[in-house]
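Notes for the one structure printed next.
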Amino acid sequence: MPRLTRVITAAMAAAVALTVTATVPAGAAQRHAAKTSPEYYLALGDSLAVGVQPNAKGVDTPTPQGYADQLYAAIKPKDSDLRMVKLGCPGETSKTLNKGGICGYKGAHRFSLTGHTGSQLAAALAFLHFHPGGVPLITIDIGANDLNNCIAKANGSIQAIIKCLTPVFPAISKNLAVTLAALRKAAPHAAIVGMTYYDPELAAWLLGTSAGQQFAQGSVAVAGVFRQLLVSDYEAFKVPVAGVFRAFDTNDMKDMVTLPNGTTVPKDVALICELTHECDPPPAKPDEHANEAGYQVITQAFLATLSHLKHPF
């Protein structure tokens with residue numbers, strides 16, 4: 001049994017502010033007595049998998065504070081031979097993950113990709129091929145960027161977004177099915193864990209207009225449909241899902257919270273301000289990416305999901 005199986009519970013207990021409790025299996029502390037070969041945690045997805053945040057100039061930049069980094073940090077102390085490989089790509093869509101076109105992968109990570117298209121999926125499959133049985137954990141977040149074009153063109157109209165997304169949602173499902181089928185074939189014994197998303201469009205509530213509030217409310221409904229789509233797509237391949245939508249209380253517009261500036265807003269709006277860069281004060285511009293605290297919430301969602309797997313690896 002791979003070593004990572006025996007350390008997930010310990011990592012749960014060590015995670016900062018983690019609310020899930022667990023018990024370390026007997027003998028886990030002694031398992032490093034013998035020298036063993038390394039295992040790998042493979043992180044796939046979009047900018048969240050890369051840990052992107054805006055820098056001081058407002059430019060989105062990869063950071064070591066993303067959920068993949070924090071998840072790895074939670075597990076690593078109990079498994080010194082575990083290594084992390086991040087293949088995530090900022091701006092990646094469910095289509096480009098399979099076909100390529102945004103990030104380059106040829107020759108990356110010291111293994112040959114000769115003959116591959118240079119897509120993230122091709123890179124992942126090549127890595128799995130060169131490390132058979134050595135990747136017990138794969139995480140993936142994908143699909144959010146597929147929605148961006150519809151949101152940008154809708155000009156604040158939820159009805160326009162819904163109409164635009166009618167063909168987009170089935171395309172996401174089709175693309176994700178290709179990805180998951182390939183990963184499962186290449187790594188039949190690995191734990192593959194997906195995730196749902198928070199709703200950055202909730203920040204429209206802070207425009208202070210009835211139109212902004214209506215858009216924020218409508219965005220929750222759209223995000224809920226997207227959440228269910230992802231859950232269904234992952235469950236079709238028996239892939240557990242980290243509940244990020246729920247962790248951000250995305251559909252809680254009933255409970256009201258007062259922000260530091262004195263503005264009273266729904267709880268989900270307050271959490272978007274607290275856990276992402278959407279509400280950063282000027283001169284910063286709104287940015288949908290999670291901040292370090294937000295990435296920690298996502299990390300906890302992954303750890304909670306892993307802790308409920310009876311035989312994850």
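The values are calculated or read from the model by the stated rules, or taken from the named source; none is laboratory data. All values reported here derive from a predicted model rather than from experimental measurement. Neighbour counts are summed over all protein chains in view; Cβ atoms, including those assigned to glycine, are modelled from backbone coordinates with ideal geometry.
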Select, from 38, 64, 54, 90, the only residue that is of a type outside the set (A, V, I, L, M, F, W, C), at pLDDT 95 or above and in contact with a strand residue (DSSP E or B) (Cβ under 6 Å, 6 or more places away or on another chain).
54
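Looking at 288, 201 in this structure, which one is within 19 Å of residue 145 (Cβ to Cβ), assigned to a helix (DSSP H, G or I) and within 22 Å of the chain's Cα centre (by Cα)? Talk me through it step by step, then tell me what you get.
Details: 288 fails: assigned to a helix (DSSP H, G or I).
Answer to the check: 201.
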Residue 208 passes all but one of the listed conditions (1) modelled with pLDDT of 95 or more; (2) loosely packed, with under 15 Cβ neighbours inside 10 Å; (3) under 30 Å from residue 259 (Cα atoms); the exception is number (1)
Would you be able to tell me the number of residues in the range 151-169 that are among the β-branched types (Val, Ile, Thr), surrounded by 17 or more Cβ atoms within 10 Å (Cβ to Cβ) and under 19 Å from residue 217 (Cβ atoms)?
3
Within the range 276-299, is there a residue that is of a type in the set (D, E, K, R), at pLDDT 95 or above and farther than 22 Å from residue 50 by Cβ?
no
Hits in the range 232-242 - residues which are surrounded by fewer than 17 Cβ atoms within 10 Å (Cβ to Cβ) and not polar (S, T, N, Q):
235, 236, 237, 238
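Kindly provide the set of residues from the range 133-149 that are buried (at least 19 other Cβ atoms within 10 Å of the Cβ), part of a helix (DSSP H, G or I) and either over 19 Å from the mean Cα position of the chain (by Cα) or among the hydrophobic types (A, V, I, L, M, F, W, C) (or both), ordered by number.
Hits for the range 133-149 are 144, 147.
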Can you list residue pairs whose Cβ atoms sit under 6 Å apart, with the first residue in the range 237-265 being in a helix (DSSP H, G or I) and the second being β-branched (Val, Ile, Thr)? Count only pairs 6 or more apart in sequence or on different chains.
244/196; 244/298; 245/196; 247/297
Quick check on the range 144-167. Is at least one of its residues at positive phi, in contact with a helix residue (DSSP H, G or I) (Cβ under 9 Å, 6 or more places away or on another chain) and modelled with pLDDT of 95 or more?
no
